[in-house]
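Structure, as structure tokens:
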Amino acid sequence: MLLLGFAAGLPLLLTLSTLSFRLREAGIDLSAIGYAGWVGLVYSFKWCWSPLVDRLPLPVLTTALGQRRGWILLSQLAVAGGLVGLALTDPQQSLVRAVGFALFVAFASATQDIALDAYRIESADAARQGALAATYQAGYRLAMLWSGAGTLWIAARIGGSEGYRHAGWRAAYLAMAASMAVGILAVFFSSEPTVAHPPTERRWLPWLRAALAEPLADFLRRHRRQAALTLALIATYRLSDTTMAAMVNPFYVDMGYKKEQVAVVSNAYGVAMTLVGTFLGGILVAQRGGLPTLLLGALLSAGTNLLFAALSLIGPQVAALAAVVSAEYLATGIASAAFVAYLSSLTNIGYSATQYALLSSVMQLLPKWAAGFSGAAVAAVGYPKFFVGTALLGLPAIWLALLAIRQESQRKKGPPKEGHPQPSKRL
């Protein structure tokens, strides 16, 4: 799970925040960088092809490796190929081509996520999902360390620490493409889950009904009146930090931080703090429960955005950056571990790939859409007001988490016993 989490986490920054650093250094304006972030919307629509990953066998690969591992390997090879294309494309010469390769990598990465989420959920019972989620997130964050700090470090070593040099970024992205070998090797040394799946229908309409409509209907049947609240919480939970994160690396460039400083403090040290937060989140989920930890993550994620507003007024001081990064990434780790465990608990193992893809797509749709306007927002109001605004975007998730905790508490208490007085409905 650690190595497969590494493979899942590697492409994300290379198509989003690390790419935004590269684009800003290349002189691309903030609005275009923000709109380029809509590449991440691919993750929000992965439910559209999740039934294929869930049920459709691949020639040769499914026979040799199994349904889950076959799809994982195919998507990993596609990610590596797309990263090679990004390495060889200079955004100063062809921004459209660079964004096109980023879109392809995001599509392959989203496909890998579908297969990996199903693989993780089917590999252990519900009691172990918290531990598996924490381990998966640890590998994910290690990959983000490498794709964030490692990419910037290689680009600085080859192309210089100041100014844009395509040769440095080319070498860095080629190294990232080669790093997908970690996940590819993990596929060959892992074993396929033994969960039995319903047979694939030969006709497309019944097959789509069984693969897509049934998982959705199952979710609505199991959660009933709580489904709307659950989906609203999922949709808004990452709104605050995702919108803010879209402009963090352009912010570093505009503030005057060097690539090495960002690599060490924001990426390397930041990922270390995320790992601490991830394991702390796993412990809190196990001891305190998923929803209370989810609420804590929402509070911390929104609150730490205010620290970036303060940092924008201080100037490029490395010590201040380290303090802000410590708080931000610790909060991110706690929130991520709690949220992955929460989503995993909502799925039915019989439809694990499709239901998890649907839920994680709901999670990313609104935040990714809002993040596309982040560059235009910064250009209009400046960084301090932008960061304050993103903190306010976290309020709906906090309120919904409180409602979910209240409903969970009422459900556990159950209906009043016979003979006990009913509480008055009047206020």
*Only one of Val276, Val271, Val253, Val248 is β-branched (Val, Ile, Thr), at pLDDT below 85 and either surrounded by 24 or more Cβ atoms within 10 Å (Cβ to Cβ) or touching a helix residue (DSSP H, G or I) at 6+ places or on another chain (Cβ under 7 Å) (or both); which?*
Val271
*Within the stretch 113-127, is there a residue that is in a helix (DSSP H, G or I), free of Cβ contacts under 8 Å to residues at least 12 places away in the same chain and closer than 29 Å to Gln355 by Cβ?*
yes
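Hey, could you check the stretch 221-235 for residues that are of a type outside the set (A, V, I, L, M) and touching a residue at least 24 places away in the same chain (Cβ under 8 Å) and say which is farthest from Glu408 (Cα to Cα)?
In this case the residue turns out to be Arg222.
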*Read through the list (1) surrounded by 24 or more Cβ atoms within 10 Å (Cβ to Cβ); (2) of a type in the set (Phe, Trp, Tyr); (3) at pLDDT 90 or above, then give the number of the only condition that Tyr351 fails.*
(3)
*Those residues that are in a helix (DSSP H, G or I) and surrounded by fewer than 23 Cβ atoms within 10 Å (Cβ to Cβ), I need them from the stretch 224-235; list them, please.*
Gln226, Ala227, Ala228, Leu229, Thr230, Leu231, Ala232, Ala235
*Which residues, taken from the stretch 57-109, are touching a Ser or Thr at 6+ places or on another chain (Cβ under 7 Å) and among the aliphatic types (A, V, I, L, M)?*
Val79, Ala98, Ala102, Val105, Ala106, Ala108
*Selected residue (only one of Gly297, Gly333, Gly281 is within 24 Å of Val264 (Cβ to Cβ), modelled with pLDDT of 85 or more and within 20 Å of the chain's Cα centre (by Cα))*: Gly333
*Quick one: which residue in Ala131, Ala172 is among the small types (Gly, Ala, Ser), part of a helix (DSSP H, G or I) and at pLDDT 80 or above?*
Ala172
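Out of all the residues in the stretch 18-28, is one or more under 30 Å from Glu214 (Cα atoms), part of a helix (DSSP H, G or I) and modelled with pLDDT of 90 or more?
There is no residue in the stretch 18-28 that is under 30 Å from Glu214 (Cα atoms), part of a helix (DSSP H, G or I) and modelled with pLDDT of 90 or more.
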*List the helices (runs of 4 or more DSSP H) that sit entirely inside the stretch 47-109 and contain at least 1 residues that are of a type outside the set (D, E, K, R), modelled with pLDDT of 95 or more and touching a Lys or Arg at 6+ places or on another chain (Cβ under 9 Å).*
67-88
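The values are calculated or read from the model by the stated rules, or taken from the named source; none is laboratory data. This is a predicted model, so every value here is computed, not measured. No Cβ is skipped: glycine too gets one built from the backbone with ideal geometry, and neighbour counts run over all protein chains shown.
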